[in-house]
1. What does the charge count around Thr77 come to, taking other residues whose C-beta lies under 13 Å from its C-beta (Lys +1, Arg +1, Asp -1, Glu -1)?
2. Give the percent of DSSP beta bridges with both residues in the chain that are antiparallel, rounded to the nearest 5.
3. Please list Ile28, Ile69 in order of solvent-accessible area, largest first, computed with a 1.4 Å probe with all protein chains present.
4. So if I place +1 on the C-beta of Lys and Arg and -1 on the C-beta of Asp and Glu, and nothing else carries charge, what would the dipole magnitude of the chain be about its Cα centre? I want it in debye, nearest 20.
5. Thr57: net charge of surrounding residues, Cβ under 12 Å, Lys/Arg +1, Asp/Glu -1, itself excluded?
6. For Cα pairs less than 8 Å apart in space and 6+ apart in sequence, what is the mean separation divided by the residue count of region 1-101, i.e. the relative contact order in percent?
7. Using only the Cα atoms of the chain, each taken as one equal point scatterer with no solvent, compute I(q) by the Debye sum, divide by I(0), and report log10 of the ratio at q = 0.11, 0.16, 0.17 Å⁻¹.
8. So for the pair Gln44, Leu100, with labels modelled 7 Å out along Cα→Cβ, what separation do we get in nm?
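The values are calculated or read from the model by the stated rules, or taken from the named source; none is laboratory data. Predicted model only: the values in this text are computed from it and were never measured. With ideal geometry, Cβ positions are generated from the backbone for all residues, glycine too; neighbour counts draw on all protein chains shown. We work out accessible area using only protein heavy atoms, side chains counted, and drop any ligands, DNA or RNA first. Shrake-Rupley method; radii C 1.70, N 1.55, O 1.52, S 1.80 Å.
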Amino acid sequence: QVQLVESGGGLVQPGGSLRLSCAASGTISRIGAMGWYRQAPGKQRELVATVTSGGSTNYADSVKGRFTISRDNAKNTVYLQMNSLKPEDTAVYYCNGKYLTRDYWGKGTLVTVSS
(Lines give C-alpha, C1' and ligand atoms only; values in the text may rest on other atoms or scores of the structure.)
Protein backbone atom coordinates (compact mmCIF):
# COMPACT_ATOMS: atom_id res chain seq x y z
CA GLN A 1 0.00 0.00 0.00
CA VAL A 2 1.24 3.47 -0.90
CA GLN A 3 0.15 6.72 0.69
CA LEU A 4 0.77 10.12 -0.86
CA VAL A 5 0.47 13.23 1.26
CA GLU A 6 0.57 16.70 -0.28
CA SER A 7 1.41 19.94 1.47
CA GLY A 8 2.13 23.56 0.60
CA GLY A 9 -1.10 24.83 -0.89
CA GLY A 10 -2.71 28.11 0.10
CA LEU A 11 -3.74 31.56 -0.99
CA VAL A 12 -1.32 33.65 -3.04
CA GLN A 13 -1.59 36.86 -5.03
CA PRO A 14 -1.16 36.89 -8.81
CA GLY A 15 2.52 36.88 -9.68
CA GLY A 16 3.41 35.13 -6.45
CA SER A 17 5.01 31.75 -5.78
CA LEU A 18 4.21 28.57 -3.92
CA ARG A 19 6.02 25.28 -3.45
CA LEU A 20 4.06 22.05 -3.19
CA SER A 21 5.47 18.86 -1.70
CA CYS A 22 4.25 15.29 -1.87
CA ALA A 23 5.74 12.49 0.22
CA ALA A 24 5.14 8.85 -0.58
CA SER A 25 5.13 6.32 2.24
CA GLY A 26 4.22 2.72 2.79
CA THR A 27 5.73 -0.61 1.86
CA ILE A 28 7.74 0.63 -1.09
CA SER A 29 11.35 0.41 -2.14
CA ARG A 30 11.28 3.25 -4.60
CA ILE A 31 8.29 4.71 -6.31
CA GLY A 32 8.33 5.16 -10.08
CA ALA A 33 7.20 8.20 -12.02
CA MET A 34 5.56 10.92 -9.95
CA GLY A 35 3.61 13.93 -10.97
CA TRP A 36 1.15 16.69 -10.28
CA TYR A 37 -2.33 17.07 -11.69
CA ARG A 38 -4.91 19.74 -10.99
CA GLN A 39 -8.66 20.15 -11.12
CA ALA A 40 -10.34 23.53 -11.25
CA PRO A 41 -14.02 23.94 -10.35
CA GLY A 42 -16.22 22.62 -13.12
CA LYS A 43 -13.30 21.25 -15.11
CA GLN A 44 -11.67 17.89 -15.62
CA ARG A 45 -8.47 16.90 -13.90
CA GLU A 46 -5.47 17.78 -16.05
CA LEU A 47 -1.78 17.00 -16.05
CA VAL A 48 0.53 19.71 -14.74
CA ALA A 49 3.93 18.04 -14.69
CA THR A 50 5.57 14.66 -14.30
CA VAL A 51 9.06 13.41 -13.45
CA THR A 52 10.44 9.92 -13.88
CA SER A 53 12.68 8.19 -11.36
CA GLY A 54 15.56 9.07 -13.67
CA GLY A 55 14.69 12.76 -13.63
CA SER A 56 13.06 13.23 -17.03
CA THR A 57 10.34 15.86 -16.88
CA ASN A 58 7.22 16.74 -18.81
CA TYR A 59 5.05 19.86 -18.47
CA ALA A 60 1.70 21.08 -19.63
CA ASP A 61 2.10 23.96 -22.10
CA SER A 62 0.19 26.26 -19.75
CA VAL A 63 2.85 26.00 -17.03
CA LYS A 64 6.07 25.74 -19.03
CA GLY A 65 8.59 28.34 -17.92
CA ARG A 66 6.69 29.04 -14.69
CA PHE A 67 6.54 25.70 -12.85
CA THR A 68 9.40 23.34 -12.03
CA ILE A 69 8.97 19.75 -10.90
CA SER A 70 11.71 17.94 -9.02
CA ARG A 71 12.09 14.91 -6.79
CA ASP A 72 14.22 13.48 -4.03
CA ASN A 73 14.41 9.74 -4.62
CA ALA A 74 15.93 9.05 -1.22
CA LYS A 75 12.85 10.57 0.39
CA ASN A 76 10.30 9.39 -2.21
CA THR A 77 9.20 13.00 -2.40
CA VAL A 78 8.21 15.17 -5.34
CA TYR A 79 8.06 18.96 -5.40
CA LEU A 80 6.36 21.54 -7.58
CA GLN A 81 7.79 25.04 -7.54
CA MET A 82 5.18 27.40 -8.94
CA ASN A 83 6.22 30.91 -9.93
CA SER A 84 4.40 33.76 -11.67
CA LEU A 85 1.09 32.31 -10.56
CA LYS A 86 -2.06 33.36 -12.40
CA PRO A 87 -5.72 33.27 -11.31
CA GLU A 88 -6.26 30.46 -13.82
CA ASP A 89 -3.83 28.30 -11.83
CA THR A 90 -6.43 28.14 -9.06
CA ALA A 91 -7.30 24.48 -8.52
CA VAL A 92 -6.94 21.50 -6.26
CA TYR A 93 -3.53 20.01 -6.97
CA TYR A 94 -3.17 16.24 -6.72
CA CYS A 95 0.00 14.22 -6.41
CA ASN A 96 0.28 11.03 -8.44
CA GLY A 97 2.74 8.19 -8.05
CA LYS A 98 3.22 4.98 -9.96
CA TYR A 99 4.33 1.87 -8.08
CA LEU A 100 4.55 -1.51 -9.72
CA THR A 101 1.50 -1.51 -12.00
CA ARG A 102 -0.74 0.85 -10.07
CA ASP A 103 -1.46 4.56 -9.85
CA TYR A 104 -1.77 6.16 -6.45
CA TRP A 105 -3.22 9.58 -5.64
CA GLY A 106 -3.04 12.01 -2.78
CA LYS A 107 -6.11 13.75 -1.39
CA GLY A 108 -5.15 17.07 -2.94
CA THR A 109 -4.14 20.50 -1.77
CA LEU A 110 -5.96 23.70 -2.71
CA VAL A 111 -4.11 26.50 -4.46
CA THR A 112 -5.97 29.80 -4.77
CA VAL A 113 -4.49 32.66 -6.78
CA SER A 114 -6.39 35.83 -6.06
CA SER A 115 -5.86 39.44 -5.10
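1. Details: positive: Arg19, Arg30, Arg71, Lys75; negative: Glu6, Asp72.
Once all neighbours under 13 Å are counted, the net charge is +2.
2. Details: 39 of 42 bridges.
Just about 95 percent of them are antiparallel.
3. Working: Ile28 35, Ile69 10 Å².
Most to least solvent-accessible, the answer reads Ile28, Ile69.
4. Values: 13 positive and 7 negative charges, 31 e Å.
The calculation lands at about 140 debye.
5. +2
6. RCO, region 1-101: 36 percent.
7. -0.32, -0.67, -0.75
8. In this crude spin-label approximation the distance works out to 3.0 nm.
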